[in-house]
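Student: Got a structure for you, questions after.
The values are calculated or read from the model by the stated rules, or taken from the named source; none is laboratory data. Note that this is a predicted model, so its numbers are computed, not measured. Every residue, glycine as well, gets a Cβ built from its backbone with ideal geometry; the counts of neighbours run over all protein chains shown.
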Amino acid sequence: MLRIALFLFLVGGTIISLGDRFHIVFGVLSQNDQSFLGQAWWVPLVFGVAGLLMFPSWVILRKVFRGVVYPIRISGLIGSTILFLIAYAATGPFAKYAYIMTGILVGAWIVRLWWRTQTDVATVVFCLLLAIAGPLVEIGFSAAGMFEYHVHHMWSIPMWLPGIYLHGALVLVDLEGFFVEIGWISREV
């Protein structure tokens, strides 16, 4: 379990921070500090902790819904992660097109659900819950003065932000399948 926790913290913190970097470069948001590679020093830590919290949340929800874990190879996980990063990156240069970006992100998520062989109720519910919880946490961080979105349509966040969380949730679902594939966790029903 320690290696899973380290993986979630280090890789999650790095990959999600990369997504946030797109927003800084395109002026979508600014942070109260830019001392760590042009970002606030706390960004990788917060995203690392987010990975540590979100992954077990998925596993618990899947068990509640009696969902099945589908093993996934590294290529599938990389593909899922790339699609997440594309969704994240697209909101940089196209941030001001709120309705269009929201429609594209949600539409692409629906296509990804349809395309997947392992979509079940637990996956859809987890994606929707993360699309609500993630932006709520960001509203809290923004209210605390840690960062500010320069493009916002509802409260202090962009309208399309939940769409990024929909895609990120699919990476977490795939991550469990990858951990099964490489033998880090057992396949449970």
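Matching residues to (1) exposed (fewer than 13 other Cβ atoms within 10 Å of the Cβ); (2) of a type in the set (D, E); (3) under 14 Å from G168 (Cβ atoms):
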| site | (1), (2), (3) |
| --- | --- |
| V64 | yes, no, no |
| V69 | no, no, no |
| G79 | no, no, no |
| L83 | no, no, yes |
| T91 | no, no, yes |
| A98 | no, no, no |
| W114 | yes, no, no |
| L129 | no, no, yes |
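Student: Just a yes or no: is a residue in the stretch 66-80 free of Cβ contacts under 8 Å to residues at least 60 places away in the same chain, of a type outside the set (A, V, I, L, M, F, W, C), under 24 Å from W184 (Cα atoms) and assigned to a helix (DSSP H, G or I)? Break it down into steps so the answer makes sense when it comes.
Tutor: Residues of the stretch 66-80 that are free of Cβ contacts under 8 Å to residues at least 60 places away in the same chain, as a first pass: 67, 75, 78-79.
Filter once more, keeping what is of a type outside the set (A, V, I, L, M, F, W, C): 67, 75, 79.
Among the residues that remain, those that are also under 24 Å from W184 (Cα atoms) are: 67, 75, 79.
Keeping just the survivors that are assigned to a helix (DSSP H, G or I) gives 75, 79.
Yes, there is a match, as at least one residue in the stretch 66-80 is free of Cβ contacts under 8 Å to residues at least 60 places away in the same chain, of a type outside the set (A, V, I, L, M, F, W, C), under 24 Å from W184 (Cα atoms) and assigned to a helix (DSSP H, G or I).
Student: Still on this structure, I have one more. Would you be able to say whether some residue in the stretch 29-47 is touching a Leu at 6+ places or on another chain (Cβ under 7 Å) and either surrounded by 18 or more Cβ atoms within 10 Å (Cβ to Cβ) or not in a helix (DSSP H, G or I) (or both)? Full working, then the answer.
Tutor: Taking the stretch 29-47 first, the residues touching a Leu at 6+ places or on another chain (Cβ under 7 Å) are none.
No, the stretch 29-47 contains no residue that is touching a Leu at 6+ places or on another chain (Cβ under 7 Å) and either surrounded by 18 or more Cβ atoms within 10 Å (Cβ to Cβ) or not in a helix (DSSP H, G or I) (or both).
Student: Follow-up. How about the stretch 142-158: which of its residues are buried (at least 16 other Cβ atoms within 10 Å of the Cβ) and either within 15 Å of the chain's Cα centre (by Cα) or in contact (Cβ under 8 Å) with a residue 60 or more places away in the chain (or both)?
Tutor: M146, F147, Y149, V151, P158
Student: So, in the stretch 64-88, how many residues would count as being over 20 Å from the mean Cα position of the chain (by Cα) and among the polar types (S, T, N, Q)?
Tutor: 0
Student: I'd like to verify a number: residues in the stretch 159-185 that are surrounded by fewer than 20 Cβ atoms within 10 Å (Cβ to Cβ) and within 20 Å of G13 (Cβ to Cβ), how many?
Tutor: Counting residues in the stretch 159-185 that are surrounded by fewer than 20 Cβ atoms within 10 Å (Cβ to Cβ) and within 20 Å of G13 (Cβ to Cβ) gives 1.
Student: Does the stretch 53-63 include one or more residues that are hydroxyl-bearing (S, T, Y) and modelled with pLDDT of 95 or more?
Tutor: yes
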